[in-house]
Amino acid sequence: MTEPLRCRPPAIATVQVDDANVRVTRWDFPPGSETGWHRHGMAYVVVPVSDGKMLLELPGGQTATAEIKAGVAYARAAGIEHNVVNAGDTAFAFVETELKHLIG
């Protein structure tokens with residue numbers, strides 16, 4: 001898939017663990033930054049490191065917003081497609097753990 005031209009700065013992804021079972025990535029989002037459009041090929045768990053406000057750009061031009069709270073985890077199934085944008089005025093970060101044995 002070709003990614004469209006980016007108008008926002010990229011979020012910063014730092015892979016911390018990548019073994020046979022999991023990939024753990026810390027995502028740092030300066031204000032206004034984005035992940036870029038992507039599809040999750042594995043089920044995953046997100047643990048916010050700090051509070052933040054996300055704009056989720058979804059298939060078909062839909063959008064949603066979500067507030068994340070430090071230490072409050074959530075999980076999603078494989079197959080989710082979106083672009084995650086920091087919609088707040090302050091930076092936030094989360095740690096994403098992808099589960100390699102729950103591939104979609």
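The values are calculated or read from the model by the stated rules, or taken from the named source; none is laboratory data. What you see is a predicted model; the values in this text were computed from it and never measured. Cβ: placed from backbone, ideal geometry, glycine included. Neighbour counts: every protein chain shown. In case anyone asks, the SASA skips ligands and DNA or RNA and just uses the protein heavy atoms, side chains included. Shrake-Rupley method; radii C 1.70, N 1.55, O 1.52, S 1.80 Å.
The relative contact order of the chain, computed from alpha carbon pairs under 8 Å that lie at least 6 residues apart in sequence, is 36 percent. In this structure residue 98 has an accessible area near 20 Å², from a 1.4 Å probe over the protein heavy atoms. In terms of the mean number of neighbouring beta-carbon atoms within 10 Å, the peptides 87-95, 69-77 order highest first as 87-95, 69-77. Taking a Cβ cut-off of under 15 Å around residue 77, the surrounding Lys, Arg, Asp and Glu residues balance to a net charge of 0, with basic ones at +1 and acidic ones at -1.
Once the cut-off is 19 Å, how many percent of the Cα-Cα pairs in the stretch 11-74 end up in the long-distance tail? Percentage above 19 Å: 38.
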